[in-house]
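Read the structure below first, then the notes.
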Protein chains: 2
Amino acid sequence: MAMTKRRGRYELYYWPFIQGRGEFVRLVLEDSGAEYVDVARLPEDQGGGLGPIVEIMQDHLRHHPAPFAPPILKAGDLVLAQTAVICRFIAEETGLAPATAADRLRADQLMLTVADAVVETHDVHHPISGGLYYEDQKDEAARRAPTFISERLPKYLGYFESVISANSAGKRRCLLGSDATYVDLAVFQLAKGIEYAFPNSFARVAAGTPRLSELVARVDERTRLREYLESDRRIPFNEWGIFRHYPELDGPKTP
Amino acid sequence: MAMTKRRGRYELYYWPFIQGRGEFVRLVLEDSGAEYVDVARLPEDQGGGLGPIVEIMQDHLRHHPAPFAPPILKAGDLVLAQTAVICRFIAEETGLAPATAADRLRADQLMLTVADAVVETHDVHHPISGGLYYEDQKDEAARRAPTFISERLPKYLGYFESVISANSAGKRRCLLGSDATYVDLAVFQLAKGIEYAFPNSFARVAAGTPRLSELVARVDERTRLREYLESDRRIPFNEWGIFRHYPELDGPKTP
């Protein structure tokens, strides 16, 4: 997939008050050292705020196909939506994707499995409708949480553990091939998010996924990423995003 | 993304009793005229049944990364999972993908929007857990259905209508570029599935999406696809798949 490399910068369009799905994109941009603007986080008199996000989504004639939802990436004339597509695109341009076509397909497969886990985790606190508040669907959330914690969370984290464990080319230090890729960043973010939202349940499962824990610690120490995570560009986890800490939805603390 | 063209056939691994996510793959295989085997639908004494699906998912050492879930495609030595990745791969090999790299990214963006719609539609009848029966979450489903029908269904179908309407290169006859691609097949399947599951609500929305209706009718008439849809290879919609007709979840009939 050879594309002419642009000299210009990337523009990210995403909600400025949450990590959300946009954070998967931010991690790839930051870790690769790419030059980018987080448009909605600019002051409104410099073209920031929510206006530009709404505008780019409504402009079906100038951007075809217009995005269905943020995150949205603008790279020169190209406007892209869908987290997995954007992350793959930036990673392929900046060297964070695997080298071969087959491995790029495999990376995309893993990325979409992360995306599935993100939806399932989000929907624990929003099982009825994304258009309602958590407070309006607390009873249903309380019913969804236990099976998520006991079945899905171990299944997803155990899956990534087994993928790392089977990666002999990477000496069991990354998911795919011999070096970390954008998919390692995505699994890092997924693990951090679940740890924030469900600390007790995460601790119990993570005790049995040592290679995943090592991978998360290793990603956490990557120079550019560490600098980002300590900066005020990293929005703290909060109760408006995907990963929300509602203690009543977490399991009991392991003794 | 140039890959050597294989002479061999594709092998699809998917649940043999439902359309499900595998149907999006089957449509691309059938419409492109590709040679393939729907492995689990073979008799068990010819290597069919559920055994081969379980086997390929558990073999983390031979297939890295092993699939998290079906559908799974085997193409020579390459084993791929995730519906959107598989469909894109086959489409690029068989000529059902757009010609340029940028348009392939855009097609993938649309495909993942279809995938999002599929999850939301499925979860109407399974808002609490995929591990429970519908009968065990009927109350929550009855609460989820109205907002799905009144907000999400019109939003998704209206979105695809606007994408078709803005595609001047395709004379407003397909989603992207001048010819139908695998994404048109996916939107066809999504529309057919929603029409089966929510006939009253679909009819009401479809009255306002004429270009989408035309696209669905046009895909329906494609020679190889029509032959497939009339064959016994097309599993009928049923109440085990993604799109289930539970009349109590549909809205009222438009007078």
- request: State whether region B:138-238 is rounded, prolate or oblate according to the following rule on the C-alpha gyration tensor (a ≥ b ≥ c being the square roots of its eigenvalues): a/c under 1.5 gives rounded; otherwise a/b larger than b/c gives prolate, and the remaining case gives oblate.
  value: oblate
- prompt: What residue among B:ALA166, B:LEU153, B:LEU132 has its Cα farthest toward the positive end of the dipole of region B:89-178, where the charges are +1 on Lys, Arg and -1 on Asp, Glu, each on the Cβ?
  reply: B:ALA166
- line: One decimal, nm, nearest first: from B:GLY158 to the same residue in each other copy, label points 7 Å out along Cα→Cβ, the values are 4.3
- prompt: How much net charge surrounds B:TYR246 when only other residues with a Cβ under 14 Å from its Cβ are counted (Lys, Arg +1; Asp, Glu -1)?
  reply: -4
statement: Summing +1 per Lys or Arg and -1 per Asp or Glu among the other residues with Cβ less than 9 Å from A:ASP108's Cβ gives +3
field: Residues with amide H under 5 Å from that of A:LEU42, placed H, sequence gap 5 or more
entry: A:GLY49
task: Pairs of lysines 8 or more apart, or on different chains, with alpha carbons under 17 Å: count those in the protein assembly as shown, would you?
output: 5
- prompt: Excluding ligands, DNA and RNA, what is the solvent-accessible area per residue of region A:59-115 at a probe of 1.4 Å, expressed in Å²?
  reply: 27
- prompt: In deg cm²/dmol and to the nearest 500, what is the mean residue ellipticity at 222 nm of chain A if only DSSP H runs of at least 4 residues count, each as -39500 (n - 2.57), divided by the residue total?
  reply: -15000 deg cm²/dmol
field: Share of carbon and sulfur in the accessible heavy-atom surface of region A:19-111 [1.4 Å probe, %]
entry: 48
task: With the Cα gyration tensor of region A:108-150 in hand, convert its eigenvalues to equivalent ellipsoid semi-axes via √(5λ) and list them largest first in whole Å.
output: 22, 13, 5
- prompt: Based on DSSP, what percent of beta bridges with both residues in the protein assembly as shown are antiparallel, to the nearest 5?
  reply: 75
statement: Simple SL model, points at 7 angstrom along Cα→Cβ for A:LEU42 and A:ASP77; separation in nm is 2.2
query: Applying 1/(1 + (r/R0)^6) with R0 = 60 Å to the Cβ-Cβ distance of A:SER178 and B:ASN200, what FRET efficiency is obtained, to the nearest 0.05?
result: 0.65
- prompt: In sequence order, what are the phi-derived ³J(HN,Hα) couplings for region A:42-48 according to the Karplus relation 6.51 cos²θ - 1.76 cosθ + 1.60 with θ = phi - 60°, rounded to whole Hz, with x for glycine and proline?
  reply: 6, x, 4, 6, 10, x, x
message: Whole-Hz ³J(HN,Hα) for each residue in region A:129-135, computed from phi via Karplus 6.51 cos²θ - 1.76 cosθ + 1.60 with θ = phi - 60°, x for glycine and proline: what do you get?
response: 6, x, x, 10, 6, 3, 4
- line: The answer for chain B, counting only DSSP H helices whose Cα atoms cover 30 angstrom or more along the axis and whose Kyte-Doolittle average is -1.0 or greater, is B:101-125
query: Can you give me the relative contact order of region A:138-239 as a percent, contacts being Cα pairs under 8 Å and 6 or more apart?
result: 25
message: Could you tell me the relative contact order of region B:1-107? Use alpha-carbon pairs under 8 Å, at least six residues apart, and round to a whole percent.
response: 29
field: Calculated over chain A: convex hull of Cα atoms, volume per residue (Å³)
entry: 136
field: Charge tally in the Cβ shell below 9 Å around A:ARG172, where Lys, Arg are +1 and Asp, Glu are -1, A:ARG172 excluded
entry: +2
message: Using amide H atoms built in the peptide plane, which far-off residues or other-chain residues are under 5 Å from A:VAL37 H to H?
response: A:TYR10, A:GLU11, A:LEU12
message: Taking a point 7 Å out from Cα toward Cβ as the label site, list the nm distances between A:ASP139 and the same residue in every other copy, smallest first.
response: 0.6
message: For A:GLU248, place a label point 7 Å from Cα along the Cα-to-Cβ direction in every copy; what are the distances to the other copies, in nm, shortest first?
response: 2.6
- line: Across the alpha-carbon set of the protein assembly as shown, Rg over Rh with Rh taken as the Kirkwood radius works out to 0.94
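The values are calculated or read from the model by the stated rules, or taken from the named source; none is laboratory data. Keep in mind the model is a prediction, meaning the values are calculated, not measured. Cβ coordinates were reconstructed from backbone atoms using ideal geometry, including for glycine residues, and neighbour counts include every protein chain displayed. With ligands, DNA and RNA removed, areas are computed over all heavy atoms of the protein, side chains included. Shrake-Rupley method; radii C 1.70, N 1.55, O 1.52, S 1.80 Å.
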